[in-house]
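Structure first, commentary second.
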Amino acid sequence: MTATAYASPSVVNKPSGSYDAIVIGAGVAGLYQVHRLRDLGLNVIGLETGSGVGGTWYWNRYPGCRFDSESYIYQYWFSQDVYESWTWSERFPAQPEIERWMNFVADRCDLRKEFNFNTTVKSAVYDETKSRWVVTTDRGSTFDAKYLVTCCGMLSAPLSEIFPGQSSFKGKLVHTSRWPKESIDLNGKRVGVIGIGATGIQVIQTIASQCKHLKIFVRTPQYIIPMKNPKYGPAEAAWYKGRFDELKETVPNTFTGFEYDFVGAWEDHSPEQRREVMERIWNEGSLRLWLASYGEIFSDEKASDEISDFVREKMQERLKDPRLCDLLIPKDYGFGTHRVPLESGYLEVYHRANVEAISVRDNPIQCMTPEGIQLANGDVHELDVIIMATGFDAGSGALTRIDIRGRGGRSLKEDWGRDIRTALGMQVHGYPNMFTTGAPLAPSAALCNMTTCLQQQVDWITNCIDHVEQSGMNVIEVTKEKEDEWVAHHDEIANGTLVVKTNSWYMGSNVDGKPRRLLSYIGGVGPYKKKCDEVTESGYAGFAKR
Ligand code: NAP
């Protein structure tokens, strides 16, 4: 099945009132969390801002949006039936197909009826006298529950209001993650794109041929890897469907939650061998060069320099113009120290006659005017459409945009405004019975194949809730000491890498005033899982229970 017509959800399926658990979000994690808690026999409600399921794949419908993970790896592993009943059309499919798949999963597991859609959570307040969370929404509804599980996504709080004068722009202004369902006609238009992250690159390479004129506002250059995206037919489907058991076992235990793992130690290979390995993996056309070539590229300056030079050389071969090389090839940070996007013909876009790269490195965007974008030197670029591919308040933003109050009325926004802390990325001291997925200080905040880590977190949370229920307890809350221990462990590993030296959303440096800390645990997906399992096996040592 590659295409299903899915029914539009009725918006409000469940009334205000008391539940056992509230799950926020109907994306990859939220769907699975509702499925698991319902299977435990809990009365659960899911609350979702969108009108349908999909999370990231519901919101990001900008032109060119597609997987950077192989479709047969970006998967749920809890059901062989679900895995085998969906057939992908290509290795890295586009958003419409992914959204259809999410709807297929929701329908196959009959999950839609557990959610209220078009419903945004405004506040979540812990009532200490009753040991319950009270959640209010923009629809005026109120829900209370023993458990609150946030599945809000780690890249879901868009940075869409960042330039003075945005509301004065007379044309169409859109952030990529709020692209309208009815799309935007770019034909014959003067279009500006701000941002060349993974999103900007996908947009730019897709729309360049449609626009009359495309201006790309470039600040920090990006390393790239060319994507190879073969179509999948029956032979490929049979190949990956036949690997379900193998993949289910291997994927959660690799360094980044993909099927591949590192090729060996950097020092054990000669420069010629390393070159041969890099060439081979480069030609695979996937994220493997970044995530599973040599682990040392994340920590060893020499390894980082060598692989960075390799990629720079590849980019230079395609970008013949020295001005473009200067603008678009990174020089001052290492390959892979922030997210590396896959691309298809992206660099060649800059050679088109209708495309212009505007450097805003030393001449930043100052504001938007009714006509377009004004730079610091006073130049105004007149535009009909401005596309903001400016990214997200990652990891913490989805939660700090909700008024979350824990014990004693403490505010998560204020707490994380001082210091972003969690234990295992799944609980925060001071917020009893609240569990988080895709939150800071877990691999799921950036450095993993998201489905792998989100499922592992949902499984851990479900087991923890089951433990509380089976023990007849009311409350579980990580202690300050356990949280301190996790933060210290996280920081120790992070500070031994080069990732903390590069500015990007990984470090929170894309948001003014955000406390700096590597948002994602970089000790590896498999090792992280082991640490989570140890907590479970210890009977939740370091967690206060009553
Ligand atoms: P991003 O990586 O944070 O990139 C934002 C871009 O906007 C950067 O180029 C940034 O420049 C630029 N920018 C922000 N403010 C600016 C300003 N004032 N002036 C000029 N430029 C400005 O965001 P993203 O591209 O949306 O990607 C976020 C993440 O989403 C990715 O890293 C990836 O994890 C995920 N993603 C995944 C896929 C996929 O799997 N298929 C696709 C898209 C995105 P600076 O670098 O100079 O700040």
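The values are calculated or read from the model by the stated rules, or taken from the named source; none is laboratory data. This is a predicted model, so every value here is computed, not measured. Ideal geometry is used to build each Cβ from the backbone, glycine not excepted, and the neighbour counts take in all protein chains shown. Calculation scope for accessible area: heavy atoms of the full protein, side chains included, ligands and nucleic acids excluded. Shrake-Rupley method; radii C 1.70, N 1.55, O 1.52, S 1.80 Å.
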Helices (runs of 4 or more DSSP H) enclosed by segment 10-88 - at least 3 residues per element that are among the hydrophobic types (A, V, I, L, M, F, W, C): 28-39
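Go through segment 242-260 and count every residue that is open to solvent by less than 60 Å² (accessible area, probe 1.4 Å) and part of a loop (DSSP other than H, G, I, E, B). Break it down stepwise before answering.
Residues of segment 242-260 open to solvent by less than 60 Å² (accessible area, probe 1.4 Å): 243-244, 247, 250-252, 254-260.
Okay, now just the ones that are also part of a loop (DSSP other than H, G, I, E, B), so 243, 254-260.
Number of matching residues: 8.
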Residue ID - farthest from residue 124 (Cα to Cα), chosen from residues in segment 137-166 that are in a strand (DSSP E or B) and among the charged types (D, E, K, R): 146
Selected residue (only one of 542, 524, 508 is within 16 Å of the ligand (Cβ to nearest atom) and of a type outside the set (A, V, I, L, M)): 508
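Search segment 371-424 for residues being among the acidic types (Asp, Glu) and either in a loop (DSSP other than H, G, I, E, B) or within 16 Å of the ligand (Cβ to nearest atom) (or both), and hand back the single one that is surrounded by the fewest Cβ atoms within 10 Å (Cβ to Cβ).
The selected residue is 419.
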Residue count for segment 153-173, restricted to those that are crowded, with 16+ Cβ neighbours inside 10 Å and farther than 26 Å from residue 518 by Cβ: 5
Pair list, Cβ under 6 Å, 6 or more apart: segment 259-282 residue more than 20 Å from residue 227 (Cβ to Cβ) and modelled with pLDDT of 95 or more, other residue surrounded by 12 or more Cβ atoms within 10 Å (Cβ to Cβ) and aromatic (Phe, Trp, Tyr): 266/294
Cβ pairs under 7 Å, 6+ apart, first in segment 34-63 and over 20 Å from residue 120 (Cα atoms), second among the hydroxyl-bearing types (Ser, Thr, Tyr) and part of a helix (DSSP H, G or I): 36/462; 37/462; 40/462; 62/176; 62/199; 63/206
Residues located in segment 437-452, provided they are in contact with a helix residue (DSSP H, G or I) (Cβ under 7 Å, 6 or more places away or on another chain) and away from the ligand (no atom under 12 Å from the Cβ): 437, 439, 441, 442, 443, 452
In segment 110-152, residue surrounded by the fewest Cβ atoms within 10 Å (Cβ to Cβ) [restricted to those that are over 22 Å from residue 469 (Cα atoms) and of a type in the set (Gly, Ala, Ser)]: 140
Of residues in segment 351-370 being in a strand (DSSP E or B) and open to solvent by 60 Å² or more (accessible area, probe 1.4 Å), the one nearest to residue 421 (Cα to Cα): 366
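Give the residue, chosen from 444, 504, 471, that is polar (S, T, N, Q) and under 21 Å from residue 220 (Cα atoms).
The conditions single out 504.
Is it fair to say residue 105 is among the β-branched types (Val, Ile, Thr), surrounded by 15 or more Cβ atoms within 10 Å (Cβ to Cβ) and part of a strand (DSSP E or B)? Before you say what the answer is, go through the steps one by one.
On the way: among the β-branched types (Val, Ile, Thr): yes; surrounded by 15 or more Cβ atoms within 10 Å (Cβ to Cβ): yes; part of a strand (DSSP E or B): no.
No: the conditions fail for residue 105.
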Counted residues, segment 182-204 - those being open to solvent by 10 Å² or more (accessible area, probe 1.4 Å) and more than 21 Å from the chain's Cα centre (by Cα): 8
Some residue of segment 370-389 being touching a Lys or Arg at 6+ places or on another chain (Cβ under 9 Å) and polar (S, T, N, Q): no
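Can you find a residue that is free of Cβ contacts under 8 Å to residues at least 24 places away in the same chain and either more than 21 Å from residue 390 (Cα to Cα) or not hydrophobic (A, V, I, L, M, F, W, C) (or both) anywhere in segment 457-479?
Step one: filter segment 457-479 for residues free of Cβ contacts under 8 Å to residues at least 24 places away in the same chain, giving 470, 472.
With either more than 21 Å from residue 390 (Cα to Cα) or not hydrophobic (A, V, I, L, M, F, W, C) (or both) added as a condition, the list becomes 470, 472.
Among the residues of segment 457-479, at least one is free of Cβ contacts under 8 Å to residues at least 24 places away in the same chain and either more than 21 Å from residue 390 (Cα to Cα) or not hydrophobic (A, V, I, L, M, F, W, C) (or both), which makes the answer yes.
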Counted residues, segment 53-88 - those being open to solvent by 10 Å² or more (accessible area, probe 1.4 Å) and more than 16 Å from the ligand (Cβ to nearest atom): 8
